[in-house]
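Any read-out appearing in this document is the output of simple, stated calculations on the displayed coordinates, not a laboratory observation. None of these values were measured; they are calculated from a predicted model. Every residue, glycine among them, receives a Cβ derived from its backbone with ideal geometry; neighbour counts consider all protein chains shown.
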Amino acid sequence: MKAIFWDVDTQLDFLYPAGALYVPGAERIVSSIARLNHYAAANGMHVVSDVDAHAEDDPEFLHWPPHCVAGTAGQQKPQSTLLDHRAVVPFRLGEFPIDKVQQLILEKPTLSCFADPNLPSLLQALNPDKYVLYGVVTEICVRHAALGLLETGKRVELVTDAVRHLNEQDRDRFYNEFTARGGKLTTADEVCSTR
Ligand SMILES: [Zn+2]
């Protein structure tokens, strides 16, 4: 079964206590994120890493502390989550490579990766049987990705020990919503042992 591994917002500003919008406990999932990304590459599957890339005066900063400003250290992903052959896809309609890359890093200034104008053609080009999803924040950007991917009609698996939440009740509400729509909850061990 051809899977696309989908890694949401795993960036320094979210993952570590010194980050601008630290998600408590998120540093503990970094090794699982790295494991999943490298597992995908080792098995010839693409990783899509969507990442926040904000302008300094981004309207989102009316609601959230400034974070992941393009060009800052905090906007970067941990080295361990990066694959050797990768390409950054800016948030404007354009060409993107697929054949020679293992990891597509999709920049977005929005909560939902589905605002990206390249996404429809990217999903069509990748055309997987299923998506394996993880990252931060569970009930916010991961939720947007999860529900949007479910709407494509493909199987979506959420790796519960490779996500991190800000609000536990909101996370649980999302898990209920996700499974009610046909999403499946899984673990990194299960993902990396069943293929
Ligand atoms: Zn943001």
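Tabulated values for the structure
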{"read-out": "Residues satisfying the stated conditions in the stretch 88-108, i.e. within 16 Å of the ligand (Cβ to nearest atom) and in contact (Cβ under 8 Å) with a residue 40 or more places away in the chain", "value": "Ile105, Leu106, Glu107, Lys108"}
{"read-out": "Candidate set: the stretch 45-78, residues that are within 10 Å of the ligand (Cβ to nearest atom) and free of Cβ contacts under 8 Å to residues at least 24 places away in the same chain; chosen: the one nearest to Ala125 (Cα to Cα)", "value": "Val69"}
{"read-out": "Matching option when the condition is more than 15 Å from His46 (Cβ to Cβ) and within 16 Å of the chain's Cα centre (by Cα), among Ala180, Ala146", "value": "Ala146"}
{"read-out": "Per-region count, the stretch 105-126, residues in contact with a helix residue (DSSP H, G or I) (Cβ under 7 Å, 6 or more places away or on another chain) and in a strand (DSSP E or B)", "value": "2"}
{"read-out": "Looking only at the stretch 109-151, and only at residues there that are within 16 Å of the ligand (Cβ to nearest atom) and hydroxyl-bearing (Ser, Thr, Tyr), the one that is nearest to Gly71 (Cα to Cα)", "value": "Thr110"}
{"read-out": "Residues of the stretch 1-36 that turn out to be in contact with a Gly (Cβ under 6 Å, 6 or more places away or on another chain) and at negative phi, as a count", "value": "7"}
{"read-out": "Hits in the stretch 127-144 - residues which are among the hydroxyl-bearing types (Ser, Thr, Tyr) and assigned to a helix (DSSP H, G or I)", "value": "Thr138"}
{"read-out": "Residues (assigned to a helix (DSSP H, G or I), within 17 Å of Gln75 (Cα to Cα) and of a type in the set (A, V, I, L, M)) located in the stretch 22-33", "value": "Ala26, Val30, Ile33"}
{"read-out": "Conditions (1) assigned to a strand (DSSP E or B); (2) out of contact with any helix residue (DSSP H, G or I) (no Cβ under 7 Å at 6 or more places or on another chain); (3) of a type in the set (Phe, Trp, Tyr): number failed by Trp6", "value": "(2)"}
{"read-out": "Close pairs from the stretch 117-128: first over 12 Å from Gly94 (Cβ atoms), partner of a type in the set (Lys, Arg), Cβ under 6 Å, at least 6 apart", "value": "Pro128/Lys2"}
{"read-out": "Answer from Ser49, Ser31 - the residue that is surrounded by 22 or more Cβ atoms within 10 Å (Cβ to Cβ) and either closer than 15 Å to Val136 by Cα or among the acidic types (Asp, Glu) (or both)", "value": "Ser49"}
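This table checks each residue for (1) surrounded by 12 or more Cβ atoms within 10 Å (Cβ to Cβ); (2) assigned to a strand (DSSP E or B).
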| site | (1), (2) |
| --- | --- |
| Gly148 | yes, no |
| Leu158 | yes, yes |
| Asp161 | yes, yes |
| Gln169 | no, no |
| Asp172 | yes, no |
| Glu190 | yes, no |
